[in-house]
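The structure under discussion appears below in the form of C-alpha coordinates.
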Amino acid sequence: MPQRSPASEYLANIQETVRSLWQGLSITLSHVLRRPITTQYPDRTERPVRDTLPVRYRGFLEVDTAHCGGCKLCERSCPIGCIRVEVERNAANPKQLVISRFDIDYARCMFCGLCVEPCPTGAIRHTREFEGSQRRVENLVLRWADPTRPFPAYRAVKGADPPPRAPSGSLVRAKLAAWPGTRPARRTCRPRPSGTSQPHRPREAPEETRMRRKGKLGVALAASLIGFLGLLAERVRAGQAPHASLPAGPSALRDLLFYGLALLTLAGAAAVALSRNIVHSALGLLLALLGTASIYALLSADFLAIAQVLVYVGGVLVLILFAVMLTSRIAETKVSNASLGVPAGMALVLATAPVLLFAAFATPWATRPPPAPGPTTRAIGNAFLTRWLLPFEVASLVLLATLVGAVVVARKEVKRDEPSDPRS
(Lines give C-alpha, C1' and ligand atoms only; values in the text may rest on other atoms or scores of the structure.)
Protein backbone atom coordinates (compact mmCIF):
# COMPACT_ATOMS: atom_id res chain seq x y z
CA MET A 1 0.00 0.00 0.00
CA PRO A 2 1.49 3.30 -1.06
CA GLN A 3 2.34 5.64 1.79
CA ARG A 4 0.23 8.83 1.99
CA SER A 5 1.71 12.21 2.23
CA PRO A 6 0.94 14.27 5.33
CA ALA A 7 -1.22 16.66 3.30
CA SER A 8 -3.40 13.91 1.78
CA GLU A 9 -3.81 12.25 5.21
CA TYR A 10 -4.91 15.56 6.73
CA LEU A 11 -7.50 16.08 3.98
CA ALA A 12 -8.76 12.49 4.36
CA ASN A 13 -9.37 13.07 8.08
CA ILE A 14 -11.37 16.20 7.33
CA GLN A 15 -13.45 14.32 4.76
CA GLU A 16 -14.16 11.51 7.24
CA THR A 17 -15.27 14.03 9.89
CA VAL A 18 -17.68 15.76 7.52
CA ARG A 19 -19.11 12.40 6.40
CA SER A 20 -19.68 11.30 10.01
CA LEU A 21 -21.40 14.57 10.91
CA TRP A 22 -23.65 14.34 7.89
CA GLN A 23 -24.67 10.78 8.64
CA GLY A 24 -25.70 11.78 12.16
CA LEU A 25 -27.43 15.02 11.29
CA SER A 26 -29.21 13.69 8.20
CA ILE A 27 -31.48 11.57 10.42
CA THR A 28 -32.35 14.59 12.55
CA LEU A 29 -32.82 16.91 9.55
CA SER A 30 -35.06 14.39 7.79
CA HIS A 31 -37.62 14.74 10.65
CA VAL A 32 -37.74 18.55 10.56
CA LEU A 33 -40.26 18.72 7.74
CA ARG A 34 -42.19 15.65 8.82
CA ARG A 35 -45.46 15.79 10.78
CA PRO A 36 -44.78 15.12 14.48
CA ILE A 37 -46.11 11.81 15.73
CA THR A 38 -45.55 12.47 19.45
CA THR A 39 -48.87 12.13 21.28
CA GLN A 40 -47.74 12.75 24.87
CA TYR A 41 -46.32 16.23 24.49
CA PRO A 42 -48.68 18.82 26.03
CA ASP A 43 -48.83 21.33 23.17
CA ARG A 44 -48.91 18.85 20.30
CA THR A 45 -52.11 16.97 21.12
CA GLU A 46 -55.65 17.50 19.95
CA ARG A 47 -56.85 17.93 23.55
CA PRO A 48 -54.93 18.70 26.74
CA VAL A 49 -52.96 15.83 28.17
CA ARG A 50 -54.69 16.21 31.54
CA ASP A 51 -57.96 15.20 29.90
CA THR A 52 -56.42 11.97 28.68
CA LEU A 53 -55.13 10.94 32.10
CA PRO A 54 -57.09 8.58 34.39
CA VAL A 55 -59.60 10.09 36.78
CA ARG A 56 -57.64 8.92 39.82
CA TYR A 57 -54.38 10.37 38.57
CA ARG A 58 -52.38 11.89 41.42
CA GLY A 59 -51.45 15.33 40.20
CA PHE A 60 -51.33 18.62 42.04
CA LEU A 61 -53.38 18.75 45.22
CA GLU A 62 -56.39 21.03 45.24
CA VAL A 63 -58.24 22.46 48.26
CA ASP A 64 -61.90 23.42 48.01
CA THR A 65 -62.08 25.98 50.82
CA ALA A 66 -65.89 25.93 50.76
CA HIS A 67 -65.82 22.34 52.11
CA CYS A 68 -62.77 22.49 54.42
CA GLY A 69 -63.71 21.90 58.06
CA GLY A 70 -60.30 22.66 59.58
CA CYS A 71 -59.89 19.19 61.13
CA LYS A 72 -56.16 19.04 60.19
CA LEU A 73 -56.41 15.34 59.31
CA CYS A 74 -54.57 15.97 56.05
CA GLU A 75 -51.70 17.64 57.92
CA ARG A 76 -51.45 14.82 60.45
CA SER A 77 -51.52 12.08 57.84
CA CYS A 78 -48.81 13.63 55.64
CA PRO A 79 -45.66 11.53 56.25
CA ILE A 80 -43.20 14.28 55.23
CA GLY A 81 -44.95 17.39 56.57
CA CYS A 82 -45.55 19.27 53.33
CA ILE A 83 -48.98 20.50 54.50
CA ARG A 84 -49.34 23.24 57.11
CA VAL A 85 -52.77 24.18 58.47
CA GLU A 86 -53.52 26.76 61.17
CA VAL A 87 -56.99 27.03 62.67
CA GLU A 88 -58.10 29.73 65.09
CA ARG A 89 -61.29 31.14 66.47
CA ASN A 90 -63.03 34.04 64.83
CA ALA A 91 -62.53 37.22 66.84
CA ALA A 92 -66.05 38.44 66.02
CA ASN A 93 -67.69 35.06 66.67
CA PRO A 94 -65.67 32.83 69.06
CA LYS A 95 -67.90 29.85 68.30
CA GLN A 96 -66.76 29.84 64.67
CA LEU A 97 -63.43 28.44 63.51
CA VAL A 98 -61.50 30.06 60.68
CA ILE A 99 -58.53 28.75 58.70
CA SER A 100 -55.79 31.35 58.51
CA ARG A 101 -53.15 29.15 56.88
CA PHE A 102 -53.34 26.25 54.45
CA ASP A 103 -50.01 25.83 52.65
CA ILE A 104 -48.95 22.91 50.47
CA ASP A 105 -45.28 22.59 49.51
CA TYR A 106 -45.30 20.81 46.17
CA ALA A 107 -41.51 20.63 46.14
CA ARG A 108 -41.69 18.14 49.02
CA CYS A 109 -44.96 16.40 48.12
CA MET A 110 -44.55 12.83 46.90
CA PHE A 111 -48.20 12.57 45.73
CA CYS A 112 -48.92 9.53 47.86
CA GLY A 113 -52.59 10.38 48.42
CA LEU A 114 -52.49 9.75 52.18
CA CYS A 115 -53.85 13.23 52.87
CA VAL A 116 -56.86 12.73 50.60
CA GLU A 117 -58.18 9.53 52.16
CA PRO A 118 -58.93 10.76 55.73
CA CYS A 119 -60.60 14.04 54.68
CA PRO A 120 -64.25 13.67 55.83
CA THR A 121 -65.61 16.32 53.46
CA GLY A 122 -63.46 15.68 50.41
CA ALA A 123 -62.08 19.21 50.50
CA ILE A 124 -58.56 18.16 49.48
CA ARG A 125 -58.12 16.02 46.40
CA HIS A 126 -55.69 15.17 43.67
CA THR A 127 -56.19 16.67 40.24
CA ARG A 128 -54.83 15.80 36.81
CA GLU A 129 -52.67 18.93 36.68
CA PHE A 130 -48.94 18.23 36.48
CA GLU A 131 -47.30 21.18 34.72
CA GLY A 132 -45.75 23.52 37.30
CA SER A 133 -42.15 24.35 36.48
CA GLN A 134 -40.62 27.23 38.45
CA ARG A 135 -37.27 28.97 38.58
CA ARG A 136 -37.16 29.09 42.37
CA VAL A 137 -38.01 26.27 44.74
CA GLU A 138 -39.59 28.77 47.15
CA ASN A 139 -42.31 29.37 44.58
CA LEU A 140 -43.42 25.73 44.75
CA VAL A 141 -45.74 26.54 47.65
CA LEU A 142 -49.43 27.18 47.09
CA ARG A 143 -51.22 29.12 49.82
CA TRP A 144 -54.91 28.27 49.89
CA ALA A 145 -55.67 30.61 52.82
CA ASP A 146 -54.97 34.29 53.24
CA PRO A 147 -53.83 35.18 56.81
CA THR A 148 -55.38 38.64 56.46
CA ARG A 149 -58.70 37.20 55.31
CA PRO A 150 -59.13 33.70 56.76
CA PHE A 151 -62.02 31.64 55.47
CA PRO A 152 -64.56 30.03 57.84
CA ALA A 153 -64.46 26.32 58.53
CA TYR A 154 -67.23 24.33 56.91
CA ARG A 155 -69.89 22.91 59.20
CA ALA A 156 -72.65 20.74 57.83
CA VAL A 157 -76.16 21.92 58.62
CA LYS A 158 -78.75 19.24 59.12
CA GLY A 159 -81.28 19.24 56.32
CA ALA A 160 -79.30 21.69 54.16
CA ASP A 161 -77.49 20.84 50.96
CA PRO A 162 -73.70 21.24 50.95
CA PRO A 163 -72.27 24.01 48.78
CA PRO A 164 -71.62 23.09 45.16
CA ARG A 165 -68.23 21.69 44.35
CA ALA A 166 -65.90 23.33 41.89
CA PRO A 167 -64.88 21.25 38.86
CA SER A 168 -61.81 19.16 39.47
CA GLY A 169 -58.68 21.08 38.61
CA SER A 170 -60.31 24.48 38.15
CA LEU A 171 -59.09 25.85 41.49
CA VAL A 172 -55.52 24.67 41.12
CA ARG A 173 -55.38 25.94 37.51
CA ALA A 174 -56.31 29.40 38.75
CA LYS A 175 -53.55 29.18 41.36
CA LEU A 176 -51.01 27.97 38.81
CA ALA A 177 -51.90 30.80 36.45
CA ALA A 178 -51.04 33.31 39.17
CA TRP A 179 -48.00 31.38 40.37
CA PRO A 180 -45.00 33.72 40.89
CA GLY A 181 -42.26 33.14 38.37
CA THR A 182 -40.14 36.24 38.74
CA ARG A 183 -36.45 36.12 39.31
CA PRO A 184 -35.05 37.18 42.68
CA ALA A 185 -34.13 40.82 42.95
CA ARG A 186 -30.47 41.61 42.55
CA ARG A 187 -28.61 42.68 45.63
CA THR A 188 -26.43 45.74 45.57
CA CYS A 189 -23.29 45.55 47.63
CA ARG A 190 -20.99 48.30 48.78
CA PRO A 191 -17.71 48.68 46.94
CA ARG A 192 -14.88 47.22 48.92
CA PRO A 193 -11.85 49.43 49.47
CA SER A 194 -8.93 48.60 47.26
CA GLY A 195 -6.21 46.51 48.80
CA THR A 196 -8.49 44.66 51.23
CA SER A 197 -9.43 41.00 50.88
CA GLN A 198 -12.00 40.06 53.47
CA PRO A 199 -13.68 36.66 53.27
CA HIS A 200 -17.33 36.65 52.36
CA ARG A 201 -19.60 36.06 55.35
CA PRO A 202 -23.19 35.06 54.67
CA ARG A 203 -25.70 37.31 56.31
CA GLU A 204 -27.80 35.73 59.03
CA ALA A 205 -31.52 35.42 58.61
CA PRO A 206 -33.62 37.88 60.63
CA GLU A 207 -35.02 35.02 62.72
CA GLU A 208 -31.53 33.78 63.61
CA THR A 209 -30.40 37.30 64.54
CA ARG A 210 -33.46 37.80 66.69
CA MET A 211 -32.92 34.46 68.41
CA ARG A 212 -29.27 35.30 69.09
CA ARG A 213 -30.24 38.61 70.67
CA LYS A 214 -32.93 36.99 72.79
CA GLY A 215 -30.46 34.33 73.93
CA LYS A 216 -27.95 36.95 75.02
CA LEU A 217 -30.69 38.89 76.78
CA GLY A 218 -31.85 35.72 78.53
CA VAL A 219 -28.32 34.96 79.73
CA ALA A 220 -27.99 38.53 81.02
CA LEU A 221 -31.33 38.28 82.85
CA ALA A 222 -30.37 34.93 84.38
CA ALA A 223 -27.02 36.32 85.54
CA SER A 224 -28.75 39.37 87.03
CA LEU A 225 -31.26 37.14 88.83
CA ILE A 226 -28.51 34.93 90.26
CA GLY A 227 -26.58 37.99 91.42
CA PHE A 228 -29.70 39.44 93.02
CA LEU A 229 -30.41 36.19 94.87
CA GLY A 230 -26.80 36.02 96.03
CA LEU A 231 -26.97 39.59 97.35
CA LEU A 232 -30.24 38.79 99.10
CA ALA A 233 -28.79 35.66 100.69
CA GLU A 234 -25.69 37.48 101.87
CA ARG A 235 -27.84 40.22 103.42
CA VAL A 236 -29.97 37.66 105.23
CA ARG A 237 -26.85 35.79 106.34
CA ALA A 238 -25.26 39.04 107.61
CA GLY A 239 -28.35 39.82 109.66
CA GLN A 240 -28.31 36.45 111.41
CA ALA A 241 -26.74 36.13 114.84
CA PRO A 242 -23.87 33.65 114.80
CA HIS A 243 -24.49 30.56 116.86
CA ALA A 244 -21.76 28.90 118.81
CA SER A 245 -22.88 25.40 117.94
CA LEU A 246 -22.46 25.88 114.17
CA PRO A 247 -19.03 24.70 113.07
CA ALA A 248 -17.39 26.53 110.20
CA GLY A 249 -16.50 23.55 108.05
CA PRO A 250 -19.86 21.76 107.62
CA SER A 251 -21.74 25.07 107.46
CA ALA A 252 -19.53 26.33 104.61
CA LEU A 253 -19.89 23.01 102.80
CA ARG A 254 -23.67 23.11 103.26
CA ASP A 255 -23.83 26.66 101.91
CA LEU A 256 -21.72 25.72 98.91
CA LEU A 257 -23.94 22.72 98.21
CA PHE A 258 -27.07 24.87 98.54
CA TYR A 259 -25.79 27.49 96.11
CA GLY A 260 -24.83 24.77 93.64
CA LEU A 261 -28.28 23.19 93.78
CA ALA A 262 -29.93 26.60 93.52
CA LEU A 263 -27.86 27.37 90.44
CA LEU A 264 -28.86 24.01 88.92
CA THR A 265 -32.54 24.73 89.61
CA LEU A 266 -32.34 28.22 88.12
CA ALA A 267 -30.52 26.93 85.04
CA GLY A 268 -33.24 24.32 84.47
CA ALA A 269 -35.99 26.89 84.94
CA ALA A 270 -34.26 29.27 82.50
CA ALA A 271 -34.02 26.45 79.94
CA VAL A 272 -37.75 25.80 80.29
CA ALA A 273 -38.65 29.48 79.88
CA LEU A 274 -36.14 30.52 77.22
CA SER A 275 -35.67 27.45 75.02
CA ARG A 276 -37.57 27.39 71.72
CA ASN A 277 -37.17 23.61 71.44
CA ILE A 278 -39.75 21.65 73.42
CA VAL A 279 -37.35 18.73 73.95
CA HIS A 280 -34.77 21.04 75.52
CA SER A 281 -37.53 22.59 77.64
CA ALA A 282 -38.51 19.14 78.95
CA LEU A 283 -34.89 18.36 79.86
CA GLY A 284 -34.62 21.74 81.58
CA LEU A 285 -37.73 20.87 83.61
CA LEU A 286 -35.99 17.67 84.69
CA LEU A 287 -33.03 19.67 86.03
CA ALA A 288 -35.33 22.12 87.84
CA LEU A 289 -37.34 19.37 89.53
CA LEU A 290 -34.25 17.41 90.54
CA GLY A 291 -32.66 20.56 91.94
CA THR A 292 -35.79 21.30 93.99
CA ALA A 293 -35.86 17.74 95.35
CA SER A 294 -32.18 18.01 96.28
CA ILE A 295 -32.82 21.24 98.19
CA TYR A 296 -35.62 19.50 100.09
CA ALA A 297 -33.23 16.70 101.00
CA LEU A 298 -30.63 19.25 102.09
CA LEU A 299 -33.20 20.77 104.46
CA SER A 300 -33.85 17.31 106.01
CA ALA A 301 -37.33 17.19 104.42
CA ASP A 302 -37.08 13.60 103.24
CA PHE A 303 -40.82 13.20 102.62
CA LEU A 304 -40.98 16.26 100.36
CA ALA A 305 -37.85 15.17 98.49
CA ILE A 306 -39.18 11.67 97.81
CA ALA A 307 -42.63 13.04 96.88
CA GLN A 308 -40.99 15.50 94.49
CA VAL A 309 -39.06 12.71 92.77
CA LEU A 310 -41.91 10.19 92.64
CA VAL A 311 -44.80 12.50 91.73
CA TYR A 312 -43.16 15.12 89.52
CA VAL A 313 -39.97 13.59 88.15
CA GLY A 314 -41.33 10.05 88.00
CA GLY A 315 -44.86 10.86 86.92
CA VAL A 316 -45.42 14.23 85.32
CA LEU A 317 -42.07 14.54 83.60
CA VAL A 318 -42.16 10.98 82.25
CA LEU A 319 -45.61 11.72 80.81
CA ILE A 320 -44.29 14.92 79.23
CA LEU A 321 -41.31 13.13 77.70
CA PHE A 322 -43.51 10.35 76.29
CA ALA A 323 -45.89 12.92 74.82
CA VAL A 324 -42.95 14.83 73.35
CA MET A 325 -41.08 11.84 71.95
CA LEU A 326 -44.18 10.16 70.50
CA THR A 327 -45.44 13.28 68.74
CA SER A 328 -44.63 13.36 65.05
CA ARG A 329 -41.98 15.93 64.01
CA ILE A 330 -42.07 17.60 67.42
CA ALA A 331 -38.26 17.99 67.46
CA GLU A 332 -38.45 20.10 64.27
CA THR A 333 -40.72 22.63 65.95
CA LYS A 334 -38.72 25.69 66.99
CA VAL A 335 -41.53 28.00 68.00
CA SER A 336 -42.55 26.58 71.37
CA ASN A 337 -41.96 30.05 72.87
CA ALA A 338 -43.14 32.38 70.14
CA SER A 339 -42.86 35.36 72.49
CA LEU A 340 -40.55 35.45 75.48
CA GLY A 341 -42.36 38.40 77.05
CA VAL A 342 -39.14 40.24 77.90
CA PRO A 343 -40.76 43.68 78.52
CA ALA A 344 -43.38 42.20 80.85
CA GLY A 345 -40.71 40.18 82.66
CA MET A 346 -38.48 43.21 83.13
CA ALA A 347 -41.43 45.21 84.49
CA LEU A 348 -42.23 42.41 86.93
CA VAL A 349 -38.60 42.26 88.10
CA LEU A 350 -38.45 46.03 88.61
CA ALA A 351 -41.70 45.89 90.56
CA THR A 352 -40.78 43.00 92.88
CA ALA A 353 -37.06 43.65 93.43
CA PRO A 354 -37.54 46.70 95.73
CA VAL A 355 -40.07 44.78 97.85
CA LEU A 356 -37.70 41.84 98.31
CA LEU A 357 -34.74 44.08 99.08
CA PHE A 358 -36.78 46.02 101.62
CA ALA A 359 -37.90 42.78 103.27
CA ALA A 360 -34.32 41.50 103.36
CA PHE A 361 -32.81 44.65 104.86
CA ALA A 362 -35.64 45.59 107.22
CA THR A 363 -36.45 42.19 108.75
CA PRO A 364 -34.62 41.27 111.97
CA TRP A 365 -33.61 37.74 111.07
CA ALA A 366 -33.31 35.35 114.00
CA THR A 367 -31.63 31.97 113.91
CA ARG A 368 -31.69 28.81 115.91
CA PRO A 369 -29.49 25.74 115.86
CA PRO A 370 -30.50 23.27 113.13
CA PRO A 371 -32.33 20.19 114.37
CA ALA A 372 -30.71 16.82 114.28
CA PRO A 373 -31.40 15.11 110.93
CA GLY A 374 -33.99 12.38 111.16
CA PRO A 375 -36.94 10.85 109.28
CA THR A 376 -40.08 12.96 109.07
CA THR A 377 -42.36 10.58 107.19
CA ARG A 378 -43.81 8.97 110.34
CA ALA A 379 -44.70 12.33 111.90
CA ILE A 380 -46.29 13.63 108.68
CA GLY A 381 -48.31 10.42 108.24
CA ASN A 382 -49.59 10.53 111.81
CA ALA A 383 -50.52 14.22 111.43
CA PHE A 384 -52.41 13.58 108.19
CA LEU A 385 -54.42 10.70 109.69
CA THR A 386 -55.13 12.25 113.11
CA ARG A 387 -55.08 16.01 113.53
CA TRP A 388 -55.26 17.06 109.88
CA LEU A 389 -57.51 14.26 108.58
CA LEU A 390 -60.43 16.50 107.58
CA PRO A 391 -58.33 19.07 105.64
CA PHE A 392 -56.50 16.18 103.98
CA GLU A 393 -59.74 14.65 102.73
CA VAL A 394 -61.09 18.05 101.66
CA ALA A 395 -57.93 18.62 99.60
CA SER A 396 -58.41 15.23 97.92
CA LEU A 397 -62.02 16.16 97.05
CA VAL A 398 -60.86 19.48 95.58
CA LEU A 399 -58.31 17.66 93.41
CA LEU A 400 -60.98 15.17 92.30
CA ALA A 401 -63.34 18.01 91.36
CA THR A 402 -60.52 19.65 89.40
CA LEU A 403 -59.86 16.47 87.41
CA VAL A 404 -63.56 15.99 86.66
CA GLY A 405 -63.86 19.61 85.52
CA ALA A 406 -60.82 19.25 83.26
CA VAL A 407 -62.32 16.14 81.64
CA VAL A 408 -65.68 17.88 81.08
CA VAL A 409 -64.04 20.95 79.53
CA ALA A 410 -61.79 18.82 77.30
CA ARG A 411 -64.73 16.76 76.03
CA LYS A 412 -66.68 19.92 75.21
CA GLU A 413 -63.73 21.36 73.29
CA VAL A 414 -63.19 18.15 71.33
CA LYS A 415 -66.89 17.80 70.50
CA ARG A 416 -67.07 21.44 69.41
CA ASP A 417 -64.02 21.20 67.16
CA GLU A 418 -64.92 17.89 65.55
CA PRO A 419 -65.98 18.38 61.91
CA SER A 420 -69.29 16.77 61.13
CA ASP A 421 -69.68 14.58 58.10
CA PRO A 422 -71.90 16.34 55.55
CA ARG A 423 -72.79 12.98 53.97
CA SER A 424 -74.43 11.75 57.17
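The values are calculated or read from the model by the stated rules, or taken from the named source; none is laboratory data. None of these values were measured; they are calculated from a predicted model. No Cβ is skipped: glycine too gets one built from the backbone with ideal geometry, and neighbour counts run over all protein chains shown.
For (1) of a type in the set (A, V, I, L, M); (2) more than 23 Å from VAL157 (Cβ to Cβ); (3) at pLDDT 90 or above, each residue gets a yes or a no:
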site	(1), (2), (3)
LEU73	yes, no, yes
ARG76	no, yes, yes
ILE83	yes, yes, yes
ALA92	yes, no, no
ILE99	yes, no, yes
PHE102	no, no, yes
LEU114	yes, yes, yes
**Asked** Hey, any hits in segment 143-165 for a residue that's in contact with a strand residue (DSSP E or B) (Cβ under 7 Å, 6 or more places away or on another chain), closer than 17 Å to CYS82 by Cβ, in the same structural domain as PRO54 (by TED's automatic domain parsing) and part of a strand (DSSP E or B)?
**Response** yes
**Complete:** Just one listed residue, out of ARG125, ARG155, ARG149, is basic (Lys, Arg), at negative phi, within 30 Å of the chain's Cα centre (by Cα) and at pLDDT 90 or above, and it is ARG125
**Fill in**
Considering segment 83-116, residues that are in contact with a Leu (Cβ under 9 Å, 6 or more places away or on another chain) and part of a loop (DSSP other than H, G, I, E, B), and then whichever is farthest from SER168 (Cα to Cα), we arrive at ASN90
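The rows are residues; the columns are (1) closer than 26 Å to GLY381 by Cα; (2) outside any helix (DSSP H, G or I); (3) outside the structural domain of GLY81 (by TED's automatic domain parsing); (4) modelled with pLDDT under 75.
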| residue | (1), (2), (3), (4) |
| --- | --- |
| LEU283 | no, no, yes, no |
| ALA297 | yes, no, yes, no |
| SER300 | yes, yes, yes, no |
| ALA305 | yes, no, yes, no |
| GLY314 | yes, no, yes, no |
| SER336 | no, yes, yes, yes |
| ALA344 | no, no, yes, no |
**Prompt:** If you go through segment 67-81 one residue at a time, do you hit one that is touching a Pro at 6+ places or on another chain (Cβ under 9 Å), in a helix (DSSP H, G or I), free of Cβ contacts under 8 Å to residues at least 60 places away in the same chain and under 16 Å from THR127 (Cβ atoms)?
**Reply:** yes
**Request:** Filter segment 362-392 for residues that are surrounded by 10 or more Cβ atoms within 10 Å (Cβ to Cβ), modelled with pLDDT of 80 or more and among the hydrophobic types (A, V, I, L, M, F, W, C) and give the result.
**Result:** ALA379, ILE380, ALA383, PHE384, LEU385, TRP388, LEU389, PHE392
**Request:** Confirm whether THR127 is touching a Leu at 6+ places or on another chain (Cβ under 8 Å), of a type outside the set (Lys, Arg) and buried (at least 17 other Cβ atoms within 10 Å of the Cβ).
**Result:** yes
